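One structure below.
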Amino acid sequence: MHFASSVLFCEEATFSREGVFNTHNAHMWALNNPHSTRPRAMQQRFTANVWAGIVGDSLLGPYILPPRLDSHKYLVFLQEVLPELLTDVPTPIRRRMWFQQDGAPSHYARHVREHLDRTFPNRWIGRGGPVAWSPRSPDLSPLDFFIWGAMKGLVYDTPVVSEMDLVARISIAAARIHEMPGVFEDVRQSMSRRCRACIHANGRNFEHFL
């Protein structure tokens, strides 16, 4: 079995009301004054701080985190929320599972690392862990190179109207991705190619080789 199938890759991302908007694609041409308006900024702004994970053929979450995630809140998430999210992951995968996280400040706190040492002894990947994770390498994380982009493409297909609407769309987008045939195997194959390309490039930028 592919080693990546046993790794729980984790990441956080921020979703806003505006999403991704390209003003260069928002022009309107007409012979006469069309009296049209174009929104430039929303009066009510909101964001959602979202955690998601991928292990084997399971997409965990999305889970809405506190807006400002410090190490204490992150530790509560690891202790109380993550075990619940893992209940649907097959037992054989959970028994041999590795945990991966990036080097965010909230992840690097001593009490967080001590918890990971107890929960995943010699089986976690990240800053200060038994196995280091390459810093500033979103092109190696399946959440960064696929999941977040796919989710945001679905979430922002039409304008978001409220914070509840945004959260609902995030959940629906995750469910749709989970149902895509063969998506997890495709992600693993893509990660293998990316790792080989990274080695070939001696750790430098490599996406132009893919």
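The values are calculated or read from the model by the stated rules, or taken from the named source; none is laboratory data. Just so we're clear, the structure is a prediction, and the values are computed from it rather than from any experiment. With ideal geometry, Cβ positions are generated from the backbone for all residues, glycine too; neighbour counts draw on all protein chains shown.
When 61, 128 are checked against the criterion of being outside any loop (DSSP other than H, G, I, E, B) and on the phi > 0 side of the Ramachandran plot, a single residue qualifies: 61. Reported count of residues in segment 152-164, each being without any contact (Cβ under 8 Å) to a residue 60 or more places away in the chain and either touching a His at 6+ places or on another chain (Cβ under 9 Å) or more than 16 Å from residue 45 (Cα to Cα) (or both), is 4.
Screening residue 93 against (1) at pLDDT 95 or above; (2) in contact with a Gly (Cβ under 7 Å, 6 or more places away or on another chain); (3) aliphatic (A, V, I, L, M) leaves a single unmet condition, (1).
Of everything listed in (1) part of a loop (DSSP other than H, G, I, E, B); (2) surrounded by 12 or more Cβ atoms within 10 Å (Cβ to Cβ); (3) more than 16 Å from the chain's Cα centre (by Cα), the single unmet condition for residue 69 is (3). Mind listing whichever residues of segment 165-181 are without any contact (Cβ under 8 Å) to a residue 12 or more places away in the chain and over 15 Å from the mean Cα position of the chain (by Cα)? Matches in segment 165-181: 165, 168, 179, 180, 181.
Residue-wise test of (1) buried (at least 17 other Cβ atoms within 10 Å of the Cβ); (2) within 28 Å of residue 2 (Cα to Cα); (3) in contact (Cβ under 8 Å) with a residue 60 or more places away in the chain.
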{"site": "73", "(1), (2), (3)": "no, no, no"}
{"site": "80", "(1), (2), (3)": "no, no, no"}
{"site": "91", "(1), (2), (3)": "no, yes, no"}
{"site": "94", "(1), (2), (3)": "no, yes, no"}
{"site": "107", "(1), (2), (3)": "yes, yes, no"}
{"site": "116", "(1), (2), (3)": "yes, yes, no"}
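Within segment 133-169, being aliphatic (A, V, I, L, M) and in a loop (DSSP other than H, G, I, E, B) holds for 160, 161. Against the test of being modelled with pLDDT of 95 or more, in a helix (DSSP H, G or I) and more than 16 Å from residue 15 (Cα to Cα), the options 80, 185 yield a single qualifying residue, 80.
Is one or more of the residues making up segment 114-125 assigned to a strand (DSSP E or B) and touching a helix residue (DSSP H, G or I) at 6+ places or on another chain (Cβ under 6 Å)? Yes.
Could you pull out the residue among 132, 197, 201, 109 that is closer than 20 Å to residue 54 by Cα, small (Gly, Ala, Ser) and out of contact with any Cys (no Cβ under 8 Å at 6 or more places or on another chain)? Before the answer, list the steps.
Details: 197 fails: closer than 20 Å to residue 54 by Cα; 201 fails: closer than 20 Å to residue 54 by Cα; 109 fails: closer than 20 Å to residue 54 by Cα.
Just one listed residue meets the conditions, 132.
Among the conditions (1) within 16 Å of the chain's Cα centre (by Cα); (2) within 27 Å of residue 116 (Cβ to Cβ); (3) loosely packed, with under 14 Cβ neighbours inside 10 Å, the only one that residue 153 does not satisfy is (2).
Within segment 131-143, being at pLDDT 90 or above and under 19 Å from residue 177 (Cβ atoms) holds for 142, 143. Does any residue of segment 6-16 turn out to be assigned to a loop (DSSP other than H, G, I, E, B), of a type outside the set (Asp, Glu) and modelled with pLDDT of 95 or more? There is no residue in segment 6-16 that is assigned to a loop (DSSP other than H, G, I, E, B), of a type outside the set (Asp, Glu) and modelled with pLDDT of 95 or more. Against the definition (at pLDDT below 75, on the phi < 0 side of the Ramachandran plot and out of contact with any strand residue (DSSP E or B) (no Cβ under 8 Å at 6 or more places or on another chain)), how does residue 172 come out, yes or no? Considered against the rule, which asks whether it is at pLDDT below 75, on the phi < 0 side of the Ramachandran plot and out of contact with any strand residue (DSSP E or B) (no Cβ under 8 Å at 6 or more places or on another chain), residue 172 comes out as no.
Looking only at segment 96-105, filter to residues that are within 18 Å of the chain's Cα centre (by Cα), of a type outside the set (D, E, K, R) and assigned to a loop (DSSP other than H, G, I, E, B); which one of those is surrounded by the most Cβ atoms within 10 Å (Cβ to Cβ)? In this case the residue turns out to be 101.
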